[in-house]
1. Give me the base-10 log of I(q)/I(0) for the chain at each q in 0.10 Å⁻¹, Debye formula, one uniform scatterer per Cα, rounded to two decimals.
2. Taking only Cα atoms and a 10 Å spring cutoff, compute GNM fluctuations for the chain and point out the largest among Gly124, Gly63, Gly96.
3. When the Karplus curve 6.51 cos²θ - 1.76 cosθ + 1.60 is applied with θ = phi - 60°, which whole-Hz ³J(HN,Hα) does each residue of segment 151-165 get, with x for Gly and Pro?
4. Using alpha-carbon pairs under 8 Å, 6+ residues apart, how would you state the relative contact order of segment 107-213 in percent?
5. Under a GNM of the chain (C-alpha, springs under 10 Å), which listed residue has the highest mean-square fluctuation: Ser104, Ser156, Ser43?
6. To the nearest 0.05, what FRET efficiency results for Thr178 and Asp208 with a Förster distance of 25 Å applied to their C-beta separation?
7. How would you rank 192-198, 163-169, highest first, on the average number of other Cβ atoms within 10 Å across their residues?
8. How many angstrom lie between the C-alpha centres of segment 12-63 and segment 107-179?
Amino acid sequence: MVQKFDIGLNAKINDFAKKFSIIRTNDNDDAVFEDFANYVIASSILEEELDNVKSVSTNKAQGIDGIVIVVNNKLVSEEADLRKFGQIEAIQIKIGFIQSTTQSSFDEKKISAFTDEVVKFITGGIDIEPYSTIYKKLLDNSGNFIDRIAETPHISLFFVSARTSHVFTEEKIKAEKTKITSRNEIENKCILDKFLVVQKDELKAEYDKISKF
């Protein structure tokens, strides 16, 4: 098959594919990288290896490839998982949003569109199931979770680029963050923890950390 990734990154994608019995082809390599990116970032958020890559996949939802909802350090990937928490148990919430690209040149419009879709998700402008239902259950004022949240939920955005070494300006990052922090609907519901552009060298380093968890 055509070699389009950095050799070291390609080796790690091969290792990932072998682990999950995925056969790489020229036709599916973008999808394999999407799963790889979700796996690496979700494992990093959880601080343990993600055992089911599809548990964080949005199944080709526009602008967002992966959503990682963590409650009390446990992955919540379906509504039924919420039953695992006691009726009076205090809870803490982290949410990670992932978008990946294999484009060889950096597309700032793509990262901007990613932020826009995250804003729509948080404000209820789009539904990405089952994550939208989980999010609403946790933060709905009429539910039984919101009064047990110990601190304002933290959200993080990860834009993962396979083939670039682009220097991303602080001004651009700040502009993307402002799209989130300036929204009144978000102000009292979530705290933006970080907005990271993860490129090939950082991605390789994060992959290597997984075996140490």
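None of the figures in this text is laboratory data; all of them are computed from the coordinates on show. Keep in mind that what you see is a predicted model, and the values were worked out from it rather than measured. Here Cβ is always computed from backbone atoms with ideal geometry, including for glycine, and neighbour counts include all displayed protein chains.
1. -0.43
2. With Cα springs under 10 Å in the chain, the top fluctuation among Gly124, Gly63, Gly96 is at Gly124.
3. Karplus values, whole Hz, x for Gly and Pro: 8, 4, x, 9, 10, 9, 10, 10, 9, 10, 10, 6, 10, 10, 10.
4. It comes to 31 percent, rounded to a whole number.
5. The residue with the greatest mean-square fluctuation here is Ser104.
6. 0.15
7. Descending mean neighbour count gives 192-198, 163-169.
8. Value for the Cα centre distance between the two parts: 19 Å.
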